[in-house]
Each structure stands twice: as structure tokens, then as C-alpha cells.
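Please read the structure below before turning to the comments.
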Amino acid sequence: MELVAGCYEQVLFGFAVHLEPEACGGHKKWTPVADFTHHAHTASLSAVAVNSRFVVTGSKDETIHIYDMKKKIEHGALVHHNGTITCLKFFGNRHLISGGEDGLICVWDAKKWECLKSIKAHKGHVTFLSIHPSGKLALSVGTDKTLRTWNLVEGRSAFIKNIKQSAQIVEWSPRGDKYIVVILNKIDIYQIDTASVSGTITNEKRISSVTFLSESVLAVAGDEEVVRFFDCDSLVCLCEFKAHENRVKDVFSFEIPEHHVIVTASSDGFIKMWKLKQDKVGVLAQY
């Protein structure tokens, strides 16, 4: 298992996380080992995405750099945007989608690393984008206060919705039956069949990151030390826990055979991995 992250110091770094059985009790111990560092850019990193072989990083230096995880070498750079790269998303191993402050969304061939499509998506910055699980649709939000749906098969706009404020996050649910739009400390939940808001979740402070743990459970982090789990149907907070000593900048989740894992990164300089149980949260490793 490899954990990668970028930082303000222009560096991409990775840890190999090994699972080793402990001598007492037979519980598995998670041991992180520094694997690589790569000075990827001339300005701070602003976006990171991974597929089965490559890590791509976006930066305020207006470039996207490709790092080959198998060979542990730089694979090249993509230059098309005129402004900070704000978001990067892989779909499978074949396509990469990027968004930037220039208002462009670009679709890249992740084999030949060629720009297949460049779309003037927003009048302002593209702040976030999310790809539907089918790979046929994408959502984007921008500083022009619009939510836009994209037909990725035809490479064209499918729907434009005006929203009251600039949204910082948009995210599809795992099955793609719903999506969420984050504005400051509020999360609007949209149903795909009606394209209307079915409910709103309010966090205590501004939200910086969200991740779906299931079709209905959402992990939420923001400008505070805690991570909260919300139910998208009942709109109630299921539980919360203190994850860091400073604000949580990002949260990511994945599943392994034994349990669900979330990863949190904070301004306190720590990245932590947590295992989730049905009734409680326990720490796996922190480094």
C-alpha cells in the first residue's frame, strides 16, 4: 500500500505502508516507511491524483507533472492550462481530467499523455470537478457561481445550474444516485432523478474536504480539528472525533478486506490513518 501527498514546499512524497502481525494478540501493525520524495514543481502543489501506476500533480506553476510509481522517476509534464491547476481526477487508467483557474477543463489520454479535449467550462475559476461512476458524466463548480453537468462521451455541456454562491466542492456518491455541493459550511444534497436539493447538512465551520464512506454516509472535515460523519438521508451527525491538533485539510477513504480506512491530513503536519468500526473509530497508524 502506498500513501502519497503533496505539500506547499513544492514536493511530492510517498510512504509505503506495510501490514505486519504484532507479537502479542495477533493484531496487525501498520508501519509506514518513507519511499520517495520528488521535487515536482516550482510552486506549491494544489492537486494530486493517482491511478494504478502514475501520480499526477498540479501546481500554482500552471503545470501538471507525471510521476511513474513503478520506476520511481518523473515521466513528463503536461502544459495547457494558463493558471493554477485546481483539480485532477483519473477515470480508470485511460483518462485524466484537469481543471484550472483559467476556467478550462481538459481531458487527457493517460496512455499517450495527449490533450484530447479542452473545454472552456466556467467564466471564472474551475474550483472542483467530479466524474460519475459510469464515466459518462462529470460535474464541475466554479467561481462564476454555476454548477455544470458535462457529457463526457460527446465532450459538451449537458446542463447549467446557477447557485447562490461559489461552491468549493462537488462530489458524486459511490453509485451515482446523488451528488453533493459544498458552499462554505453547508452541504446541499441533490438527487440525480430530480436535480433538486433533497436536504442540507450544516457543519460547524467551513468545509475543506468530504468523502463518501457509503451511499448514505459522508465524512466531513474542515477548519477545525474534528472529523464528522453525517447521514445523507436523515441529515443528522452520526458521530465525530478529534483527529488532529489543527484544521483538517483533506480526508480520503478506502476499503480493505478487514475494515474501512480513512486518511486525514492536517495543518499540524501529520497524516493519520484510521480504521472504522460500526460503533467506534480506532487509530491504525499516524505519521
At a temperature of 10 °C and a viscosity of 1.306 mPa s, determine how fast the range 91-207 diffuses translationally according to Stokes-Einstein, using the Kirkwood radius over alpha-carbon pairs as Rh; express D in µm²/s, rounded to the nearest whole number.
109
Once you've got the Cα coordinates, tell me which of K161/K242; K89/K205; K60/K117; K70/K136 are over 24 Å apart.
K161/K242; K89/K205; K70/K136
Largest-first principal axis extents of the Cα set of the range 1-150 (Å):
59, 33, 29
Spin-label pair K164/N82, simplified geometry with 7 Å Cα→Cβ offset, distance in nm:
3.5
For the range 149-268, the convex hull over Cα atoms projects on average to an area in nm² of 8.7
Points 7 angstrom from Cα along the Cβ direction at E20 and D109: gap in nanometres?
4.5
Please list, or write none, the aspartates and glutamates whose alpha carbon is within less than 17 Å of the alpha carbon of K164, excluding same-chain residues fewer than 8 places away.
D144, D188
If you compute semi-axes √(5λ) of the Cα gyration tensor in Å for the structure shown, which of [x] 35, 21, 19; [y] 106, 15, 12; [z] 29, 25, 17 do you land on?
[z]
Below 8 Å, C-alpha to C-alpha, sequence gap of six or more: please give me the relative contact order for the range 1-127 in percent.
15
Please find, in a Gaussian network model of the chain (springs between Cα atoms separated by less than 10 Å), the residue of T149, T84, T42 whose mean-square fluctuation is greatest.
T42
Relative to 2.2 N^0.38 Å, what does the C-alpha radius of gyration of the range 1-83 come to as a ratio? Two decimals please.
1.31
Probe radius 1.4 Å, ligands and nucleic acids ignored: give me the carbon and sulfur share of the accessible area of the chain as a rounded percent.
51
Counting alpha carbon pairs within less than 8 Å and at least 6 residues apart, what relative contact order, in whole percent, applies to the chain?
7
What residue among V48, V107, V261 shows peak mean-square fluctuation when the chain is described by a Gaussian network model with Cα springs under 10 Å?
V261
Simple Cβ-charge dipole of the range 136-287, Lys/Arg +1 and Asp/Glu -1, about Cα centre, in debye nearest 20
360
Would you mind computing Rg(Cα) / (2.2 N^0.38 Å) for the range 42-88, counting N as its residues?
1.08
Over the range 121-231, with the other protein chains present, what is the accessible area per residue in square angstrom, probe 1.4 angstrom?
41
Nearest 20 debye, what's the magnitude of the dipole of the range 62-162 about its Cα centre given +1 on Lys and Arg Cβ and -1 on Asp and Glu Cβ?
360
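The values are calculated or read from the model by the stated rules, or taken from the named source; none is laboratory data. Given the structure is predicted, the values throughout are model-derived calculations rather than measurements. Note that we place each Cβ from the backbone using ideal geometry, even for glycine, and neighbour counts take in every protein chain shown. The protein model used for the area step is the full one, side chains on, heavy atoms only, and it has no ligands, DNA or RNA in it. Shrake-Rupley method; radii C 1.70, N 1.55, O 1.52, S 1.80 Å.
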